[in-house]
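Chemist: This is the structure I want to talk about, given as structure tokens.
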Amino acid sequence: MRIVTFGVGYVGLVTGTGLAELGHEVLCIDIDPAKIRALEDGVIPIYEPGLPDLVRRNVRSSRLKFSSTMVAPFEESDFYFIAVGTPSADDGSADLRAVMSATDDIARLAKKGGIVVVKSTVPVGTGDEVQARLNEKRPGVFEVASNPEFLKEGAAVNDFFRPDRIVIGTRSDRARQSLRALYKPLQLSGERFVVTDPRSAELIKYASNTMLAIRVSFMNELSRLCEASGADIHSVRLGMGTDTRIGNRFLYAGPGYGGSCFPKDVKALIQLGKKYNLPLLLSDAAERANEAQGDFLIELLEKRLGDLSGKTIALWGLAFKPETDDIRDSPALRLAKDLIARGAKVRGHDPEGGPNFKKAVPEVTVTDREYDAVDGAEAVVLVTEWRSYRVPNFVELKKRMKAGPEGGLLFDARNVWNGAEIQEEGFRYQGIGVGKVRPTDASSRALV
Ligand SMILES: NC(=O)c1ccc[n+]([C@@H]2O[C@H](COP(=O)([O-])OP(=O)(O)OC[C@H]3O[C@@H](n4cnc5c(N)ncnc54)[C@H](O)[C@@H]3O)[C@@H](O)[C@H]2O)c1
């Protein structure tokens with residue numbers, strides 16, 4: 001098959017490369033010339049484990065190409081995948097300008113009819129809008145399918161080849177059959193298709209992300225209640241998660257959800273509700289609880305350090321989660337801005353996200369090595385649980401932190417450190433909803 005993908009971001013590049021790996025001829029298009037130039041020079045513009053090798057192999061075999069526009073012979077493709085960004089507009093709804101612009105490019109440049117696959121996360125009704133737009137310009141030439149993406153940054157390559165599900169929403173028999181055939185090699189370990197209408201497919205994506213955001217927000221809310229009441233979120237999680245109806249995944253308290261999807265998708269779902277005059281109370285609450293968790297981090301820091309003005313705080317982990325360089329809406333971004341607004345000096349480190357973070361918040365001193373970030377800091381906040389932060393070097397921390405008689409503050413916003421050990425090493429410890437730390441606490445997390 002011949003395939004064009006629009007957008008070489010986290011979704012477009014993984015999808016295009018994955019399809020090339022399955023033996024198809026793929027052209028990845030992006031309007032950002034710098035990204036295309038980088039890819040042509042063999043440089044991958046994002047950090048995604050396993051992707052560089054896969055890109056290199058498929059470029060070498062001439063199955064994968066990059067361009068700023070549709071070039072021959074790709075004007076005669078079987079599939080046109082739209083994987084461009086759909087960021088939040090000012091009112092929180094999804095900004096669809098890139099999707100519509102890619103749609104117009106397809107209508108203008110494709111020489112033969114094909115299947116247009118909307119992979120971007122888009123509100124209910126967008127597929128129908130794309131179909132109507134194409135029909136207006138080129139009647140009866142294109143068939144549209146919604147095929148939302150569920151990959152997780154940091155595990156995107158694996159998610160492409162081993163998806164939990166492949167959702168296909170279309171009114172066209174040909175599009176349905178063609179997509180089933182295209183994705184057939186990914187079905188080796190069992191049926192993965194959820195085949196439905198376009199509107200349901202579009203809603204499945206928002207519903208999935210918002211469900212996860214609600215779980216996270218609920219656990220964060222409970223962590224605040226634990227902190228206030230003296231309960232321990234580790235034990236609460238263990239007790240809840242062992243109920244098979246609840247399950248133990250996505251049940252961690254932390255600094256609040258972030259990233260390029262959850263915040264914008266929850267907002268877009270709320271706006272979609274408004275469009276249909278239907279207040280989405282739970283989604284709204286998830287968002288407010290997430291905001292409150294950001295405030296909670298500052299409250300805890302102020303409780304332990306007093307006035308933050310003039311104090312140096314080090315942030316370990318700037319990307320929104322480990323194994324990505326994506327800092328969009330990362331909890332560290334919000335925390336850094338809140339700290340700076342209170343007059344604190346912020347230093348930070350991230351194994352991959354440092355350069356992106358520095359661009360977004362130039363006031364933060366971003367260091368190449370984690371222990372350099374700690375120099376002169378009264379507190380180190382573990383914001384993103386990269387593996388390299390999991391076993392801190394206490395000797396190095398003591399040497400570099402500025403500590404009063406009670407020791408420097410190690411604030412574990414992911415609850416991955418052993419609080420008792422930290423206290424034994426002569427530091428002050430703060431977790432999220434773990435109250436008073438007892439020596440047995442650390443083991444309860446390991447049980448689930
Ligand atoms: N990142 C994720 O983890 C993830 C997971 C599932 C779904 N999604 C959804 O997939 C979509 C893409 O997300 P992403 O993270 O890959 O975005 P991204 O911002 O990383 O990449 C989008 C790319 O599209 C390009 N672009 C914009 N307009 C274009 C046009 N008209 N033609 C060609 N290229 C154009 C941009 O230059 C950019 O490189 C979004 O709707 C997102 O919600 C993302």
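The values are calculated or read from the model by the stated rules, or taken from the named source; none is laboratory data. Every value quoted in this text rests on a predicted model; they were computed, and no experiment measured them. So basically every Cβ, Gly included, is an ideal-geometry build from the backbone, and we count neighbours across all protein chains shown. Ligands, DNA and RNA are excluded from the accessible area calculation, which covers all protein heavy atoms including side chains. Shrake-Rupley method; radii C 1.70, N 1.55, O 1.52, S 1.80 Å.
Chemist: Quick one: which residue in Leu54, Leu39, Leu64 is within 15 Å of the ligand (Cβ to nearest atom) and crowded, with 19+ Cβ neighbours inside 10 Å?
Modeler: Working: Leu54 fails: within 15 Å of the ligand (Cβ to nearest atom); Leu64 fails: within 15 Å of the ligand (Cβ to nearest atom).
Going through Leu54, Leu39, Leu64 in turn, the sole match is Leu39.
Chemist: Here is a further query. What about Glu370, is it touching a Phe, Trp or Tyr at 6+ places or on another chain (Cβ under 9 Å), away from the ligand (no atom under 15 Å from the Cβ) and open to solvent by 10 Å² or more (accessible area, probe 1.4 Å)?
Modeler: Numbers: touching a Phe, Trp or Tyr at 6+ places or on another chain (Cβ under 9 Å): yes; away from the ligand (no atom under 15 Å from the Cβ): yes; open to solvent by 10 Å² or more (accessible area, probe 1.4 Å): yes.
Yes; evaluated as a whole, the condition is true for this residue.
Chemist: Follow-up. How many residues are without any contact (Cβ under 8 Å) to a residue 40 or more places away in the chain, among the charged types (D, E, K, R) and within 15 Å of Val116 (Cα to Cα) if we restrict to the stretch 172-196?
Modeler: Summing the residues that are without any contact (Cβ under 8 Å) to a residue 40 or more places away in the chain, among the charged types (D, E, K, R) and within 15 Å of Val116 (Cα to Cα) in the stretch 172-196 gives 3.
Chemist: Whether any residue in the stretch 378-392 is of a type in the set (Gly, Ala, Ser) and under 18 Å from Leu297 (Cβ atoms) is what I want to check. Outline the logic, then answer.
Modeler: Looking only at the stretch 378-392, we keep the residues that are of a type in the set (Gly, Ala, Ser), and these are 379, 388.
Going one step further and asking which of them are under 18 Å from Leu297 (Cβ atoms), we end up with 379.
There is at least one residue in the stretch 378-392 that is of a type in the set (Gly, Ala, Ser) and under 18 Å from Leu297 (Cβ atoms).
Chemist: Just to be sure I understand the filter: pairs with C-beta atoms under 6 Å, separated by 6 or more residues or on different chains, first member in the stretch 133-147 and over 14 Å from Lys112 (Cβ atoms), second member open to solvent by 40 Å² or more (accessible area, probe 1.4 Å). Which pairs pass?
Modeler: Val144/Gln131
Yes or no, residue by residue, for (1) under 24 Å from Ser178 (Cβ atoms); (2) more than 15 Å from the ligand (Cβ to nearest atom); (3) surrounded by 15 or more Cβ atoms within 10 Å (Cβ to Cβ):
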position: Arg2; (1), (2), (3): yes, yes, yes
position: Val8; (1), (2), (3): yes, no, yes
position: Leu13; (1), (2), (3): yes, no, yes
position: Gly18; (1), (2), (3): yes, no, yes
position: Val26; (1), (2), (3): yes, no, yes
position: Lys35; (1), (2), (3): no, no, yes
position: Val43; (1), (2), (3): no, no, no
position: Ala110; (1), (2), (3): yes, no, yes
position: Val117; (1), (2), (3): yes, no, yes
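Chemist: Just one of (1) part of a helix (DSSP H, G or I); (2) in the same structural domain as Glu143 (by TED's automatic domain parsing); (3) not small (Gly, Ala, Ser) trips up Glu191, so point out which.
Modeler: Unmet for Glu191, out of (1) part of a helix (DSSP H, G or I); (2) in the same structural domain as Glu143 (by TED's automatic domain parsing); (3) not small (Gly, Ala, Ser): (1).
Chemist: So, one more: The conditions are (1) out of contact with any Asp or Glu (no Cβ under 7 Å at 6 or more places or on another chain); (2) open to solvent by 50 Å² or more (accessible area, probe 1.4 Å); (3) near the ligand (Cβ under 9 Å from one of its atoms), and Arg138 fails exactly one of them. Which is it?
Modeler: (3)
Chemist: Applying the selection to the stretch 221-253, what residues are of a type in the set (Asp, Glu) and either surrounded by 22 or more Cβ atoms within 10 Å (Cβ to Cβ) or within 26 Å of Trp316 (Cβ to Cβ) (or both)?
Modeler: Result: Glu221, Glu227, Asp232.
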